[in-house]
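Contents: one structure, followed by commentary.
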Amino acid sequence: MKIENKQLKEFIKDAGLVKDIDLEKSYQKAEKEKIKLGDVLLEKKFITEEKLRKLYAYILGIPFVDISKETIPNDILQIIPEPIAKKYKIIAFDKKGTELKVAMLNTEDIQTIDFIRKKTGLKIIICLTSEESIDTVLRQYSKSLKAEFGDIIDSNASEISDQTDKTKEDLEEVAQGLPIIRIVDTLIKHAILQGASDIHIEPDEKEVRVRYRIDGILHEAMILPKQVKEGIVARIKVLSNLKLDEHRIPQDGRFKIEQNKMKISFRVSILPIFDGEKIVMRILNESAKGLTLEVMGLMGEELEIIHREIKRPNGMILVTGPTGSGKTTTLYTIMDILNVPEVNISTVEDPVEYRMPKINQTQIHQKVGLTFSAGLRSLLRQDPDIIMVGEIRDNETMEMAIHAAMTGHLVLSTLHTNSAAGTIPRLIDMGAEPFLVASTVNVIIAQRLVRKLCDDCKKKYKLGEKELATLNDNYNMESVLRAVKRVKYVKSKIKEKDEWKDIELYKSVGCDQCNHEGYHGRKGIFEVLAVDDEVKKMITQKSPTEEIEANCKKKGMLTMVEDGFAKAILGVTSIEEILRVTKE
């Protein structure tokens, strides 16, 4: 289905759509630069897009359709999921029997057509359309969340009433009522569509505020009327198997749903606040393919160190950082790499975030005395090779973890510290003997999550004097540049003599693909401290954090800030994001 430049030139000449001299010049340019003649003609405005598309359709012998003024039924539109429709500019607009008509821009995209054919099991009839048509129909994809809720609430106003002071039976009835079920389902559907990691439902004196956390940032999604408050709480309690008539104490639960062949798990936390009960639901996609350390953002020497250290039979691998910095995901990724039939992996977690096949996962229950230390003590009798402790929170858990690492187990765990080197004094403050820390800790990974720049709209720029002055107030930019120049995977982007003002960086812009945020998805920035003989000696001698860090940097360790700037030069993230997550 490919149209050669020469073939297009002949058809345009016969139809007299473009002046001969303009056509010839455009043809020579297209041939020389090995680009499409049609693109050159559009760029120079020698032909309109609609005329060109109609000509393509005529040459290929397929229909041309203008769908810009059509309202496509939602069940037909949704046959092709919105992300695919947006990315590949393809729309399902008509279905008769086993035939599905699709409008697209690139008829050479056989892969996407095959994917839709296999997914739907339908015969695909291809039609050509214009960019304007595609963009217009893409807006039909999802009514705004506000409009959808408005429809539900308006059409069910009589059934939705304030349920304050109702009995357990009344709440059960409301929770099973169609309006409340639709509201909660709509909240969940939009959160999944927008790629949210958490849903916050927060009651206020006069309203209920709904916010989604997308790429680590909270966004207001919807304001709901106060009368739906009790019904939403009751519905989520029913789904999570929690006590409906308990409003005084916090409750935790979970539930699962299947949507578009995806298994999605929700971890629910309900907390009593002044105006009712606040709900936070963590969304976990259990169908997501296993992450790799590379996809998370580990590169070069840092990646090599971790792969080397996790293959050791014993010792400790510690991941540090604040809440929400991706520590647990890093540990799960490492466990996924180590999860082979020859080893017994056991975990003690609070809570169990993801269910992992062939791994024995234990959930902490403080009320019955199953703490991290008690769970770890019991685990050691279960003949494990690898132990994952969700978090080292106290002296007893720390002692047990060190004991396990000394007696031939590989122990993975997390801690709340600001840097990799800062983990060592934290362990010693908790009561660990310096010589035990030195002999058991293999590697410490400190991390943060930065938002990734949208590939479709990010823009190149260079630092101005004012921006550089601001950065110098926060970081030693000279030292950062020296470190970044040593990084192998950045060397193709910068020259040895370059200063910051010479280096191309990227900034966020915003487009339809990223909901005008300028960012889409997240990536880790890391600090990987390998505990070698020299560092062991420094730990035993209780050397200050700064000295240990300076020693490791001298040997090539990148700090989180330096790793962040390396990723900014590669166009992965922006300077603003590095400032946001590393500025203390």
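The values are calculated or read from the model by the stated rules, or taken from the named source; none is laboratory data. Just so you know, these numbers come straight off a predicted model, no measurement behind them. Cβ: placed from backbone, ideal geometry, glycine included. Neighbour counts: every protein chain shown. For accessibility, only protein heavy atoms count, side chains too; no ligands or nucleic acids. Shrake-Rupley method; radii C 1.70, N 1.55, O 1.52, S 1.80 Å.
Return a yes/no flag: does segment 65-75 have any residue that is part of a helix (DSSP H, G or I) and surrounded by 14 or more Cβ atoms within 10 Å (Cβ to Cβ). Give the derivation first.
Initial filter on segment 65-75 (part of a helix (DSSP H, G or I)): 74-75.
From the residues that got through so far, the ones that are surrounded by 14 or more Cβ atoms within 10 Å (Cβ to Cβ) too are none.
Looking through segment 65-75, none of the residues is part of a helix (DSSP H, G or I) and surrounded by 14 or more Cβ atoms within 10 Å (Cβ to Cβ).
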Exercise for review: With the condition kept exactly as written, say whether any residue in segment 485-502 is touching a strand residue (DSSP E or B) at 6+ places or on another chain (Cβ under 8 Å), surrounded by 15 or more Cβ atoms within 10 Å (Cβ to Cβ) and among the hydrophobic types (A, V, I, L, M, F, W, C).
Suggested key: no
Practice item. Please indicate, with yes or no, whether at least one residue in segment 458-475 is open to solvent by less than 100 Å² (accessible area, probe 1.4 Å) and closer than 30 Å to GLU82 by Cα. Key: yes
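Identify the residue in segment 78-123 that is of a type in the set (S, T, N, Q) and farther than 22 Å from ASN515 by Cβ and, among all such residues, is most open to solvent (accessible area, probe 1.4 Å).
GLN111
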**Study point:** Selected residue (only one of VAL528, VAL572, VAL561 is under 19 Å from GLU301 (Cβ atoms) and in contact with a Phe, Trp or Tyr (Cβ under 7 Å, 6 or more places away or on another chain))
**Key:** VAL561
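Suppose the filter is under 27 Å from the mean Cα position of the chain (by Cα) and of a type in the set (Ser, Thr, Tyr); does THR320 pass it?
yes
Go over the candidates LEU331, LEU298, LEU303, LEU318 one by one and state the one that is hydrophobic (A, V, I, L, M, F, W, C), open to solvent by less than 40 Å² (accessible area, probe 1.4 Å), over 21 Å from ALA404 (Cα atoms) and in contact (Cβ under 8 Å) with a residue 40 or more places away in the chain. Spell out how you get there, then give the answer.
Numbers: LEU331 fails: over 21 Å from ALA404 (Cα atoms); LEU303 fails: in contact (Cβ under 8 Å) with a residue 40 or more places away in the chain; LEU318 fails: over 21 Å from ALA404 (Cα atoms).
Going through LEU331, LEU298, LEU303, LEU318 in turn, the sole match is LEU298.
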Revision key, fill the gap. Taking first residues from segment 8-30 that are farther than 18 Å from LEU60 by Cα and second residues anywhere that are among the aromatic types (Phe, Trp, Tyr), the pairs with Cβ under 7 Å that are 6 or more apart or on different chains are VAL18/PHE46; ASP22/PHE46; SER26/PHE46
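Among the residues of segment 191-223, what is the count of those that are of a type in the set (Ser, Thr, Tyr) and without any contact (Cβ under 8 Å) to a residue 60 or more places away in the chain?
1
May I ask you to verify whether LEU370 is of a type outside the set (Ser, Thr, Tyr), open to solvent by less than 60 Å² (accessible area, probe 1.4 Å) and in contact with a helix residue (DSSP H, G or I) (Cβ under 7 Å, 6 or more places away or on another chain)? If you could, list the steps in order and put the result at the bottom.
On the way: of a type outside the set (Ser, Thr, Tyr): yes; open to solvent by less than 60 Å² (accessible area, probe 1.4 Å): yes; in contact with a helix residue (DSSP H, G or I) (Cβ under 7 Å, 6 or more places away or on another chain): no.
No.
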Practice item. Taking the options LEU55, LEU17, name whichever one is within 28 Å of ALA103 (Cβ to Cβ), assigned to a loop (DSSP other than H, G, I, E, B) and not small (Gly, Ala, Ser). Key: LEU17
Review point. Does VAL268 fit the bill of being of a type in the set (A, V, I, L, M, F, W, C) and either open to solvent by 20 Å² or more (accessible area, probe 1.4 Å) or at positive phi (or both)?
Key: no
Study note, to complete from the structure: Within segment 455-514, residues being touching a Lys or Arg at 6+ places or on another chain (Cβ under 9 Å), of a type in the set (Val, Ile, Thr) and free of Cβ contacts under 8 Å to residues at least 40 places away in the same chain number 0
Exercise for review: Could you tell me which residue of segment 528-569 is modelled with the highest pLDDT, considering only residues that are of a type in the set (Val, Ile, Thr), out of contact with any Ser or Thr (no Cβ under 6 Å at 6 or more places or on another chain) and open to solvent by 20 Å² or more (accessible area, probe 1.4 Å)?
Suggested key: THR540
Exercise for review: Tally the residues that are touching a Leu at 6+ places or on another chain (Cβ under 8 Å), hydroxyl-bearing (Ser, Thr, Tyr) and closer than 21 Å to VAL581 by Cα, restricting the search to segment 479-537.
Suggested key: 3
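Matching residues to (1) of a type in the set (A, V, I, L, M, F, W, C); (2) open to solvent by less than 80 Å² (accessible area, probe 1.4 Å):
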residue: ILE12; (1), (2): yes, yes
residue: GLY16; (1), (2): no, yes
residue: LYS25; (1), (2): no, no
residue: ALA30; (1), (2): yes, yes
residue: LYS34; (1), (2): no, no
residue: LEU41; (1), (2): yes, yes
residue: THR48; (1), (2): no, yes
Revision key, fill the gap. The correct count of residues that are at pLDDT below 90 and assigned to a helix (DSSP H, G or I) in segment 491-521 is 3
Review point. Given the structure, is SER265 in a strand (DSSP E or B), among the small types (Gly, Ala, Ser), at pLDDT below 95 and farther than 20 Å from ARG209 by Cβ?
Key: yes
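Condition check: of a type in the set (Asp, Glu) and open to solvent by less than 40 Å² (accessible area, probe 1.4 Å). Does GLU396 satisfy that? Please lay out each step first, then the result.
Values: of a type in the set (Asp, Glu): yes; open to solvent by less than 40 Å² (accessible area, probe 1.4 Å): no.
Answer is no for this residue.
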Practice item. Look at ALA568 and say whether it is among the aliphatic types (A, V, I, L, M), in a helix (DSSP H, G or I) and more than 22 Å from THR320 (Cβ to Cβ). Key: yes
**Study point:** Subset of segment 195-223 (residues that are among the charged types (D, E, K, R) and in contact with a strand residue (DSSP E or B) (Cβ under 8 Å, 6 or more places away or on another chain))
**Key:** ASP198, GLU202, GLU207, ARG209, ARG211, ARG213, ASP215, GLU220
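Considering segment 50-64 alone, what residues qualify as being open to solvent by 70 Å² or more (accessible area, probe 1.4 Å) and not hydroxyl-bearing (Ser, Thr, Tyr)?
Step one: list which residues in segment 50-64 are open to solvent by 70 Å² or more (accessible area, probe 1.4 Å), which gives 50-51, 54, 58.
Within segment 50-64, GLU50, LYS51, LYS54 qualify.
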Point to revise | Hits in segment 570-582 - residues which are under 16 Å from LEU453 (Cβ atoms) and either open to solvent by less than 20 Å² (accessible area, probe 1.4 Å) or not acidic (Asp, Glu) (or both) | key: LEU570, GLY571, VAL572, THR573, SER574, ILE575, GLU577, ILE578, LEU579, ARG580, VAL581
Exercise for review: Report the residue count in segment 425-456 for those that are surrounded by 19 or more Cβ atoms within 10 Å (Cβ to Cβ) and under 30 Å from ALA568 (Cα atoms).
Suggested key: 13
